[in-house]
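The structure appears right after this line, and notes come after that.
The values are calculated or read from the model by the stated rules, or taken from the named source; none is laboratory data. Just so we're clear, the structure is a prediction, and the values are computed from it rather than from any experiment. No Cβ is skipped: glycine too gets one built from the backbone with ideal geometry, and neighbour counts run over all protein chains shown. With ligands, DNA and RNA removed, areas are computed over all heavy atoms of the protein, side chains included. Shrake-Rupley method; radii C 1.70, N 1.55, O 1.52, S 1.80 Å.
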Amino acid sequence: MYTQGLAEPPARAGAPEPVVEDAEQLRRFEARIDAEEKIEPKDWMPAAYRRTLIRQISQHAHSEIVGMLPEGNWIGRAPSLQRKLILIAKVQDEGGHGAYLYSAAETLGVSRAELIDQLLAGTAKYSSIFNYPTRSWADIGAIGWLVDGAAIMNQIPLCRCSYGPYARAMTRVCKEESFHQRQGYDIMLKLANGTPAQKRMAQDALDRWWWPSLMMFGPPDTDSQHTALSVRWKIKRFTNDELRQKFIDFTVPQARYLGLEVPDPELRWDEQGRCHRFGEIDWSEFHAVLKGDGPCNRERMLARRDAHEAGRWVREAALAHAAKHRRAAAMA
Amino acid sequence: MNEAGDWPLYEIFIRARGGLDHKHVGSVHAADAAMAIEHARDVYTRRQEGISVWAVRSTDIVASDPGEAESLFDPARDKVYRHPTFYEIPKEVETL
């Protein structure tokens, strides 16, 4: 689960110097992109293309891994054995998605260890959505339905991304993500049709997850300067606002079916434009969460760092074990 | 462990079902080959995507250079006579 909202490079001093590319190589590269050819790891590519992909794919991978935390929070408290099995399978999928994506990033000449170090040092970003807490069981439903729903909206066009390994990883992810969204909606259906208290719980979850889900698509197009190059190089196929609009148009009728109310008093159907008009998004909240001041940023990073440190002896022991067996085999 | 502190990288190939070739699906990090197979099982076959796994150390793979693709593969371009469709056979001649 992830969206594209973070793919913009940080505007800070010390950013890599722009590289002057060989005009002929650049021309040939762009001709291949125009012809819908896929770029593969050892092919020539502009430094900015490589950099953008490493940043986007690694942010995506980090998001999958950090995304395991809010949902993992409910594994021990799932309301039935079947719900628990389903949630374990879903969280395991998120770990798998992280693994596919780190694998795709590594084809660009960066090591997974380096990327994980960046996450743990706090210099890499991950999707802002995972810095919100999961307070009730209904949040697990809302995450599957809305957060994974928003992620799918973004990820389906990424299956046609110009970079082969990323596109292939996304194809695999999308197949699995559909299960995530449906199991989430299934939880919401059960609650919305349950006791008044359960229905209130479902409404409360929608109230809290609606706006953060819309923010997942990233800043409005007017503030997103790097979209143009990403679109030209077919890393990105649609802009943030296009995808956000599509998500709203898909999701509002689903909320209505649940008998729940979308927490936006300005939301209305525009017959002429054939789309939903919606209220202003609070971008100051988005930027605060991205900067580290969301409700759970510190808790998430602490959990990742603790897990990394606690696992260190296992990683070292496995290598020692493998080395011992290699020596034994060499002597036999 | 390499300098970056990671386990070695293995490329993973999966046979989806009997009668098909093993196909490259991605990579995993693992301390040794046996662990690479186990990780590949967990990462790439959670929904019965395979019945057999190959794991190959990434550093053991020798690949052609995309920069030499033209000189390697272009010589085949003008040899259309290698394809059966190059030959026109009279309609009267059957089973050919």
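Go over the candidates B:ARG41, B:ARG17, B:ARG47 one by one and state the one that is open to solvent by 90 Å² or more (accessible area, probe 1.4 Å), within 13 Å of another protein chain (Cβ to nearest Cβ) and in contact (Cβ under 8 Å) with a residue 12 or more places away in the chain.
Selected residue: B:ARG41, the only one of B:ARG41, B:ARG17, B:ARG47 that is open to solvent by 90 Å² or more (accessible area, probe 1.4 Å), within 13 Å of another protein chain (Cβ to nearest Cβ) and in contact (Cβ under 8 Å) with a residue 12 or more places away in the chain.
What are the residues in region A:224-245 that are out of contact with any strand residue (DSSP E or B) (no Cβ under 9 Å at 6 or more places or on another chain) and part of a helix (DSSP H, G or I), if any?
A:THR227, A:ALA228, A:LEU229, A:SER230, A:VAL231, A:ARG232, A:ASN240, A:ASP241, A:GLU242, A:LEU243, A:ARG244, listed by residue number.
Of all residues being surrounded by 19 or more Cβ atoms within 10 Å (Cβ to Cβ) and not in a helix (DSSP H, G or I) in region A:193-223, which is nearest to the chain's Cα centre (by Cα)? Just the residue, please.
Per the criteria, the residue is A:MET216.
Count, please, the residues in region A:25-70 that happen to be open to solvent by less than 10 Å² (accessible area, probe 1.4 Å), in contact with a Ser or Thr (Cβ under 7 Å, 6 or more places away or on another chain) and part of a helix (DSSP H, G or I).
Qualifying residue count, region A:25-70: 3.
It is to be established whether one or more residues within region B:1-10 are open to solvent by 80 Å² or more (accessible area, probe 1.4 Å) and either within 14 Å of another protein chain (Cβ to nearest Cβ) or modelled with pLDDT of 95 or more (or both).
Yes, region B:1-10 has at least one match.
Tell me which of these B:GLY26 doesn't satisfy, since it passes every other one: (1) modelled with pLDDT of 95 or more; (2) surrounded by 14 or more Cβ atoms within 10 Å (Cβ to Cβ); (3) assigned to a strand (DSSP E or B); (4) within 12 Å of another protein chain (Cβ to nearest Cβ).
B:GLY26 satisfies every listed condition except (1).
How many residues are in contact with a Lys or Arg (Cβ under 9 Å, 6 or more places away or on another chain) and either more than 14 Å from every other protein chain (Cβ to nearest Cβ) or closer than 27 Å to A:LYS42 by Cα (or both) when one looks only at region A:117-132?
Within region A:117-132, residues that are in contact with a Lys or Arg (Cβ under 9 Å, 6 or more places away or on another chain) and either more than 14 Å from every other protein chain (Cβ to nearest Cβ) or closer than 27 Å to A:LYS42 by Cα (or both) number 7.
Given (1) open to solvent by 100 Å² or more (accessible area, probe 1.4 Å); (2) within 14 Å of another protein chain (Cβ to nearest Cβ), identify the lone condition not met by A:ALA330.
(1)
Please go through region A:142-190 and pick out each residue that is within 14 Å of chain B (Cβ to nearest Cβ), open to solvent by 20 Å² or more (accessible area, probe 1.4 Å) and not hydroxyl-bearing (Ser, Thr, Tyr).
Answer for region A:142-190, where residues must be within 14 Å of chain B (Cβ to nearest Cβ), open to solvent by 20 Å² or more (accessible area, probe 1.4 Å) and not hydroxyl-bearing (Ser, Thr, Tyr): A:ARG168, A:ARG172, A:CYS174, A:LYS175, A:PHE179.
Please name all residue pairs, on different chains or six or more residues apart, with Cβ atoms under 7 Å, provided the first residue is in region A:100-111 and is more than 10 Å from chain B (Cβ to nearest Cβ) and the second residue is open to solvent by less than 20 Å² (accessible area, probe 1.4 Å) and modelled with pLDDT of 95 or more.
A:ALA105/A:ILE57; A:ALA105/A:SER58; A:ALA105/A:ALA61; A:ALA105/A:LEU115; A:LEU108/A:LEU53
Tell me which of these A:LEU87 doesn't satisfy, since it passes every other one: (1) within 11 Å of another protein chain (Cβ to nearest Cβ); (2) more than 11 Å from A:SER58 (Cβ to Cβ).
Result: A:LEU87 passes all but (1).
If A:ALA318 passes every condition in (1) within 14 Å of another protein chain (Cβ to nearest Cβ); (2) open to solvent by 40 Å² or more (accessible area, probe 1.4 Å) but one, which one does it miss?
Answer for A:ALA318: the failing condition is (2).
Please specify each residue of region B:50-71 satisfying the condition of being within 11 Å of chain A (Cβ to nearest Cβ), surrounded by fewer than 11 Cβ atoms within 10 Å (Cβ to Cβ) and under 14 Å from the mean Cα position of the chain (by Cα).
Within region B:50-71, B:ALA63, B:SER64 qualify.
Only residues that are farther than 15 Å from A:TRP211 by Cβ, among the charged types (D, E, K, R) and open to solvent by less than 40 Å² (accessible area, probe 1.4 Å): list them for region A:264-279, please.
A:ASP270
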